[in-house]
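Undergrad: Below is the structure I would like to discuss, written out as structure tokens.
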Amino acid sequence: MRYIPRDNNTWHAMHAIYALRHSGDEYNIEPVKSALRHIYNGCCAYCEGKVEPVAYFEIEHFYHKEKYQQWKTNFHNLHFSCPRCNRLKGDKENDTILSPNYYYENGEWVTHPTEIDSCLHYTGYLLFPNADATSKKGEGTIEMFKLNDRPFLVWDRLRRYIEVYNLLKVIFDVLKSGKDAVKQLDRPIAILFQQTISYTNPDAAYSTMIIQNFGDEIKKLLSIWNVYRKE
């Protein structure tokens, strides 16, 4: 899970908000779906998996639409979700889990951009609550969405982890060969780096896992490559 910034001044968001104001009690409308798809880059707000290649996404209400009907069509309360995460959350109370961005506190919608990182971390392809976190929301989020107990989700993360590990191993082995070999293979190395870095982009599934596990290594290898290219 990662923090998802939301700018309500973009065309997608403004169109969705306008449509919701004139939709009566309906929230599952195309402008809203389009905006959420754009904001969340097609990744589930909770498990970070890509949704639409294999299923239809669902609009998840962080504050459940039956218990908090006043926010049923409030854009701040709507999130891009895979069907599995939406079912697991259901109508459960939300005070023990993390929000991908907005909370309603003291009469207004607010965000806590660093909260998720302070509560959760990846070790390898598994997600853990931070031991020194003051909030138990990390543990509650892992438990509610079964983020380490859904076999297909865990295997999908593992596959992505192995892909990046193998890419970095190839890059490391080439760089270890010395600057002459690096200069001869400059174009293939560039392609390998391009593929590796693409896994850290917001539109990539499990990008948080890749950044936390391999972010420093990617930076170090890029630095070495650039030094060899300049010599």
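Just so you know, all these numbers are worked out from the coordinates, no wet-lab data involved. Model, not experiment: these values are computed from the prediction. Cβ sites come from the backbone with ideal geometry, for glycine too, and all protein chains shown count toward neighbours.
Undergrad: Nothing charged except the Cβ atoms of Lys and Arg (+1) and of Asp and Glu (-1): what's the magnitude of the dipole of the range 91-231 about its Cα centre? Round to the nearest 20 debye.
TA: 960 debye
Undergrad: Tabulate in residue order the Karplus-calculated ³J(HN,Hα) for the range 126-133, using 6.51 cos²θ - 1.76 cosθ + 1.60 with θ = phi - 60°, rounded to whole Hz; enter x for Gly and Pro.
TA: For the range 126-133, the Karplus curve yields 9, 9, 10, x, 5, 5, 9, 5 Hz.
Undergrad: Follow-up question, since we're still on this one. Convex hull over the alpha-carbon atoms of the range 151-230: what's its volume per residue in Å³?
TA: Roughly 80 Å³ of hull volume per residue.
Undergrad: Let me see the pair-distance distribution of the range 11-110: every alpha carbon pair, 5 Å bin width, integer percents in order.
TA: Spelled out per bin, shortest first, that is 2, 14, 24, 26, 21, 11, 2, 0.
Undergrad: If you don't mind, another one. Can you list the HN-Hα couplings for the range 205-222, worked out from phi with the Karplus curve (6.51, -1.76, 1.60; θ = phi - 60°), rounded to whole Hz and with x for Gly and Pro?
TA: Couplings: 4, 6, 4, 4, 4, 5, 5, 5, 8, 10, x, 5, 5, 4, 4, 5, 5, 4 Hz.
Undergrad: Same structure again: Using Cα centres only, tell me the gap between the range 162-231 and the range 27-83 in whole Å.
TA: 34 Å
Undergrad: Take the cross-link list Lys50/Lys179; Lys72/Lys146; Lys137/Lys169; Lys136/Lys169; Lys33/Lys92; Lys33/Lys219 and give me the ones stretching past 29 Å between alpha-carbons.
TA: Lys50/Lys179; Lys137/Lys169; Lys136/Lys169; Lys33/Lys219
Undergrad: Quick check: the angle from helix 151-176's long axis to the longest principal axis of the chain, C-alpha only, nearest 10 degrees?
TA: The angle comes out near 30 degrees.
Undergrad: Would you please name the trypsin sites (Lys or Arg not before Pro) within the range 1-78 that are DSSP coil residues with at most 14 other C-beta atoms within 10 Å of their C-beta?
TA: Passing sites in the range 1-78 are Lys67.
Undergrad: State the answer as a single residue: which of Ile210, Asn226, Ile197 lies farthest towards the positive end of the charge dipole of the range 189-231, with beta carbon charges of +1 for Lys and Arg and -1 for Asp and Glu, about the Cα centre.
TA: The residue sitting most towards the positive pole is Asn226.
Undergrad: What is the fewest-to-most order of Met14, Met144, Met209 by other Cβ atoms lying within 10 Å of their Cβ?
TA: Taking fewest neighbouring Cβ atoms as first place, the list is Met14, Met144, Met209.
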